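The values are calculated or read from the model by the stated rules, or taken from the named source; none is laboratory data. Everything numeric in this text was worked out from a predicted model, so none of it was measured. Here the Cβ positions follow ideal geometry from the backbone for every residue, glycine too, while neighbour counts run over all protein chains shown.
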Amino acid sequence: MARLWKKNAIPYLFLLPWLIGLLALTVGPMISSVYYSLTNYDVISSPTYIGFDNYKKMFMDDPRFYTSLKVTFIYVFTSVPLKLIFALLVASLMNKGLRGLTFYRTLYYLPTLLGGSVAIAVLWRKIFGATGIVNHFLLLFFGIEAPDWIANPEYSLYTIVALSVWQFGSSMIIFLAGLKQIPQDFYEAAQVDGASKWKQFLKITIPLLTPVIFFNLIMQLISAFQAFTQSFIISGGTGGPIDSTLFYTLYLYLKGFSFYEMGYASAMAWVLLIIIAFFTFIIFSTSKSWVHYGDGGK
C-alpha cells in the first residue's frame with residue numbers, strides 16, 4: 001500500500017487543489033445547507049432548529065413560491081424546446097457545405113459566449129424597452145405602436161425566453177458535430193429510393209441524432225432551471241412586473257440575501273435540486289424508447 005501511494009504521490013499531489021476545492025466549495029456548503037434548511041437562520045443570529053417548518057411554510061403558506069415555480073416552468077418548457085429546434089435547424093443549414101462555415105459558426109456561437117453576462121441582459125432590457133430598437137423598428141416599418149415589452153407582465157417573461165433562444169450557439173455546435181457523423185451513404189440510398197428531403201430528415205437525421213438531442217436536452221433543461229442573471233437584471237432584481245419574471249432562483253436569492261431568511265432559502269435550494277433530479281430521471285428513464293445508438297443498442 002505504501003509502495004502504491006509512493007508511486008502515485010505526484011498525481012495525487014496535483015489532484016489535491018481540486019479535491020480541496022470540491023470539499024470546501026461544493027460538499028461542505030451542501031452539507032451545511034441541509035442543516036440550515038431545518039433552521040430559522042437570518043445570517044446575523046445563530047441558527048435555531050425548527051425541523052421541517054421551512055418546507056411546510058413553502059408548500060402551505062407561500063403563494064410567491066408557487067408563482068416562482070409557475071414562471072420557471074413556463075420559461076423552461078418554452079425556451080428549451082425552442083432553443084433546441086432553432087439550434088438544430090441552423091446546424092442543418094450549416095451542414096449543407098456553406099462557404100465561410102467557420103465565420104458563421106463563430107457568429108452564431110458569439111451570443112452564447114456573451115449571453116449569460118450582465119452586460120447582455122442590460123442590453124436586452126434596452127432593446128425591448130418602451131423606447132428600444134424593437135419598438136422603433138415596428139413603428140418605422142409597420143406603423144405599430146408596440147407596448148413596453150419589459151414593463152408589461154403579459155410579455156416580460158417572453159422577452160427573457162427570446163434572450164435564452166438567442167443563445168442557441170452551444171447546442172448548435174454540438175448538433176453540427178453530430179450531423180457530420182451521419183454517413184452520407186444513407187442519404188444517397190434514400191435519394192435512389194425517391195425519399196424527399198423532409199422524409200430523409202425525419203427517417204435518417206432525427207433517429208441518428210437522438211443521442212445528441214438527448215445530451216442537449218439534459219444540459220439545457222438543467223441550465224434553464226438555474227437561470228438567474230437575465231431575470232435579475234431585466235426585472236431590476238424584483239421579479240416584476242407583478243412577479244411575471246419571478247424565477248425560482250431569483251426568489252431563492254431574495255429570500256436569502258434580501259429578506260435574510262437563509263434557512264428558507266436553503267430549503268428552496270433542496271426543493272429545486274429534487275425538481276431538476278425528477279425531470280432528469282424522467283428523461284433518462286424514457287430515453288430507452290427514443291434514443292438510438294449506432295451499435296443498435298438503446
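Screening residue 223 on (1) in a helix (DSSP H, G or I); (2) surrounded by 21 or more Cβ atoms within 10 Å (Cβ to Cβ); (3) among the small types (Gly, Ala, Ser) shows it passes everything except condition (2). Tallying residues that are assigned to a helix (DSSP H, G or I), hydrophobic (A, V, I, L, M, F, W, C) and within 27 Å of the chain's Cα centre (by Cα) within the range 115-156 yields 10. Checking every residue in the range 257-265 against the condition of being closer than 19 Å to residue 161 by Cα, surrounded by 18 or more Cβ atoms within 10 Å (Cβ to Cβ) and either within 21 Å of the chain's Cα centre (by Cα) or acidic (Asp, Glu) (or both) gives zero matches. Figure legend. Inter-residue proximity from the range 164-192: first residues outside any helix (DSSP H, G or I), second residues surrounded by 13 or more Cβ atoms within 10 Å (Cβ to Cβ) and at pLDDT 90 or above, beta-carbon distance below 6 Å, spacing 6+ or different chains. Indicated pairs: 168/83; 168/86; 168/87; 182/208. Within the range 244-254, which residues are out of contact with any Pro (no Cβ under 8 Å at 6 or more places or on another chain), in a loop (DSSP other than H, G, I, E, B) and not β-branched (Val, Ile, Thr)? Residues satisfying the conditions are 246, 247. Residue 89 - would you say it is part of a helix (DSSP H, G or I), over 20 Å from the mean Cα position of the chain (by Cα) and farther than 28 Å from residue 232 by Cα? Criteria not met by residue 89.
Here the condition is being over 30 Å from residue 46 (Cα atoms) and among the hydroxyl-bearing types (Ser, Thr, Tyr); of 210, 238, 249, it holds for 210 alone.
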